[in-house]
Amino acid sequence: MEHTSLLERILRGAALTLVVIFFMFPIVWIFMMSFQTNETILRIPPQLVFEPTLANYTALITGKLTTASGTLDIAFMRNLWNSVFLSTTSVAVALLLGVPAAYAFARHKFRGSEDIAFTLLSFRFAPALLVLLPLTLYFQKLGLANTYIGLIWVYQLICLPLILWIVRGYFEDIPADIEYAYRIAGHSWFATFRKIALPLAGPGIAAAGLLAFIFAWNNFVFALVLASADKQPVTVGALAFITSSGIQYGQISAAIVLSITPTLALALYAQRYLVEGLSLGAVKG
Amino acid sequence: MASLELKNIVKRYKSQTVLDNLSLTVADGETLVLFGPSGAGKTVLLRLVAGVVDPDEGKILIGGEDMTDVDAEFRGVGMAFQNFALFPHMTAFDNIATPLQARHSSQSTIKAGVESVAKLLKIGHVLSHRPRALSNGQKQRTALARALVGAPPLLLLDDPLRNVDAKLRFEMRLELPRLLADRGATVVYVTQDYKEAMALGDRIAVMSQGVIKQLGTPEQIYREPANIEIARLFGDPTINLLDVKPSRDTRGIYVGLSNVQVHLPGTYEAAVGRDCVIGLRPEALSFVDEGTPGAIPVTVEAETPLNEKIVTLVRTVRGREILVSRPAGTPGQTEGKAHIAVDSKSALLFDHASGERIGSTNVVSLRNGEAA
């Protein structure tokens with residue numbers, strides 16, 4: 001126990017509180033808004049005390065949005081499922097393709113390997129909107145527009161470079177001698193990849209997967225252009241809350257709370273594993 | 001059992017030639033030490049044999065079989081790395097077990113194999129630990145156990161004692177020869193420590209800049225080094241090297257050291273009148289009384305006791321510094337004026353320009369793989 005003066009402890013506490021309030025305020029405010037009606041939200045001045053209501057959540061879950069100008073059907077739960085499905089599948093496909101590719105780029109310097117790796121990274125440089133117009137035309141010709149397969153394919157533009165470059169770095173950090181030792185012990189290169197490289201790069205793969213998942217989840221513009229209502233994720237689906245009779249702040253907040261819950265839960269779960277894994281990576285040889 | 005044969009191996013990294021047309025044969029059951037400064041190509045050579053690096057030219061034969069294009073897992077060699085290269089996510093037991101697992105041995109065979117080699121290397125009590133929980137010495141023994149457990153006919157040890165403390169290194173230097181002899185395996189051992197090389201090698205190959213400069217028994221390397229560089233690398237304290245120009249008189253060839261003529265036995269005809277360097281091992285010099293024939297007057301500068309021996313730095317009248325070594329407990333001069341005598345039988349003569357040793361005795365000198 002180190003000795004710190006009372007004043008120092010108070011100042012430190014105050015500073016920490018300020019930081020937490022600053023960063024958590026939007027989340028807390030959205031959380032509170034999700035339990036209010038549009039009227040109480042739009043009160044001036046805003047008030048901290050209100051009568052909570054679950055109406056927003058009921059509306060989202062039943063899919064019936066009641067506004068001043070009548071009842072609207074919204075597909076929020078469908079959108080949420082789309083988000084989960086699209087993000088999970090995209091990350092799974094990207095891991096399946098990206099991790100072996102990252103290993104190849106890290107361990108085998110073949111002709112043009114750097115160029116290919118850089119080309120894959122350059123997918124992230126192009127503004128999405130610039131890519132979208134020709135992509136839409138192609139997809140319509142190929143019959144991929146408004147299909148899950150088409151969307152998952154396009155999501156690889158987001159996930160694959162990310163996973164490839166992060167995981168490659170982790171593979172490169174594994175001393176080659178460790179893999180040589182396993183080969184010399186009599187194991188095939190594939191066994192070496194599975195039993196040595198994959199477990200040792202595990203934390204890196206998890207981190208890259210998590211990051212790719214968050215990027216895929218938050219994607220807006222690809223899905224906006226390439227998917228119609230029944231394939232749209234929550235990010236696009238949220239547009240439905242801007243109705244002819246005004247913006248439904250209550251429902252938007254509830255929708256945000258519901259849609260950040262999976263990523264938040266995943267991040268919290270993975271965080272423990274990530275920290276543990278990263279400290280393992282620090283010990284070499 | 002397996003002999004090892006390397007034929008005209010060439011390895012280049014970009015424009016740099018790391019191994020230059022190197023040939024080497026290691027007999028079945030022999031321990032060959034690859035000795036040389038870092039960057040000499042020792043480790044690359046070992047990796048070529050292990051099969052994790054491919055040669056640009058040449059052939060590698062293990063047990064008479066051409067293994068040049070065979071993948072590492074099928075070569076059946078055991079290797080211990082300088083940095084240990086233990087698998088950090090496995091326990092010491094699993095680390096050692098990997099060569100047996102690759103052969104799909106039964107669980108009981110694996111357990112018995114690992115435990116017997118662990119007992120031999122005194123690491124039985126730490127088998128359940130992960131590498132990061134092991135001390136350096138335990139890591140080194142685990143790495144060695146992993147190399148030994150499969151009883152490979154060819155063992156490659158890449159400076160396994162480099163990263164362990166002096167006490168353990170000394171212990172292992174005593175233990176290893178017996179351990180290796182018991183196994184009956186052919187061993188290629190890489191080191192930068194000349195004492196290790198002398199202690200472990202049946203033969204020593206001295207490497208420098210990708211070629212083998214000299215190949216011979218420890219005795220030959222020490223007594224008849226092929227050049228100045230090798231003479232300097234073997235021996236502690238290092239050999240005294242003095243510029244001389246041999247002359248001839250009625251009694252034979254002699255060199256002048258501080259106006260004293262030291263006659264050299266042996267045939268050094270070719271050296272007469274040439275610029276040479278004489279190499280005198282510190283233990284070939286001794287303090288003598290004034291008036292002894294051939295005594296060279298010197299001034300004692302400093303004295304360093306090195307456990308079993310005492311090393312004295314002396315200065316000749318011409319200002320050249322010489323190290324004299326004598327066993328601890330024997331009388332010697334500790335300060336002031338003194339006289340030293342040269343045991344000229346063990347003197348070595350080198351050509352000044354090329355650094356090559358001059359002499360008629362049976363020096364085994366290898367250049368580009370050809371026995372001279």
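Some notes on this structure:
- The number of residues in region B:94-124 being touching a helix residue (DSSP H, G or I) at 6+ places or on another chain (Cβ under 9 Å) and more than 14 Å from chain A (Cβ to nearest Cβ) comes to 9.
- Among the candidates A:Ala216, A:Ala191, the residue that is at pLDDT 90 or above and over 22 Å from A:Ser90 (Cβ atoms) is uniquely A:Ala191.
- Just so you know, in region B:74-88 the residues that are modelled with pLDDT of 90 or more and touching a Pro at 6+ places or on another chain (Cβ under 7 Å) include one that is nearest to the other protein chains (Cβ to nearest Cβ), and it is B:Ala85.
- Residues (of a type in the set (A, V, I, L, M, F, W, C) and either modelled with pLDDT under 85 or over 27 Å from B:Asp193 (Cα atoms) (or both)) located in region B:232-287: B:Val244, B:Ile253, B:Val255, B:Leu257, B:Val260, B:Val262, B:Leu264, B:Ala270, B:Ala271, B:Val272, B:Cys276, B:Phe287
- Neighbours by Cβ (under 7 Å, 6+ apart or cross-chain): first from region B:17-35, under 16 Å from B:Gly216 (Cα atoms); second acidic (Asp, Glu) and in a strand (DSSP E or B): B:Thr25/B:Glu5
- Restricting region A:173-188 to residues that are touching a helix residue (DSSP H, G or I) at 6+ places or on another chain (Cβ under 8 Å), charged (D, E, K, R) and at pLDDT 90 or above, the residue that is nearest to A:Lys109 (Cα to Cα): A:Glu179
- Among the residues making up region B:33-66, those that are part of a strand (DSSP E or B) and in contact with a Phe, Trp or Tyr (Cβ under 8 Å, 6 or more places away or on another chain) are B:Val33, B:Leu34, B:Phe35.
- Extreme residue, surrounded by the most Cβ atoms within 10 Å (Cβ to Cβ), among residues of region B:42-73 that are over 26 Å from the mean Cα position of the chain (by Cα) and facing chain A (nearest Cβ under 8 Å): B:Ala72
- Residue within region A:169-176 that is more than 14 Å from chain B (Cβ to nearest Cβ), surrounded by 19 or more Cβ atoms within 10 Å (Cβ to Cβ), part of a helix (DSSP H, G or I) and not basic (Lys, Arg) present: yes
- Residue ID - surrounded by the fewest Cβ atoms within 10 Å (Cβ to Cβ), chosen from residues in region A:25-54 that are part of a helix (DSSP H, G or I) and more than 28 Å from the chain's Cα centre (by Cα): A:Glu39
- Within region A:177-227, being among the β-branched types (Val, Ile, Thr), within 14 Å of another protein chain (Cβ to nearest Cβ) and touching a residue at least 12 places away in the same chain (Cβ under 8 Å) holds for A:Ile178, A:Thr192, A:Ile196, A:Ile205.
- Any hit, region A:144-151, residues being within 14 Å of another protein chain (Cβ to nearest Cβ) and of a type outside the set (Phe, Trp, Tyr): no
- Residue check for B:Thr31: closer than 28 Å to B:Ser128 by Cβ and surrounded by 16 or more Cβ atoms within 10 Å (Cβ to Cβ): no
- Hey, A:Ala208 at pLDDT 85 or above, within 30 Å of B:Arg103 (Cα to Cα) and touching a helix residue (DSSP H, G or I) at 6+ places or on another chain (Cβ under 6 Å) or not: no
- Helices (runs of 4 or more DSSP H) within region B:90-206 that include 1 or more residues modelled with pLDDT under 90, in contact with a Leu (Cβ under 9 Å, 6 or more places away or on another chain) and over 30 Å from A:Phe190 (Cα atoms): B:107-120, B:136-148, B:166-183, B:194-200
The values are calculated or read from the model by the stated rules, or taken from the named source; none is laboratory data. Just so you know, these numbers come straight off a predicted model, no measurement behind them. Backbone-built Cβ (ideal geometry, glycine too); neighbour counts: all protein chains shown.
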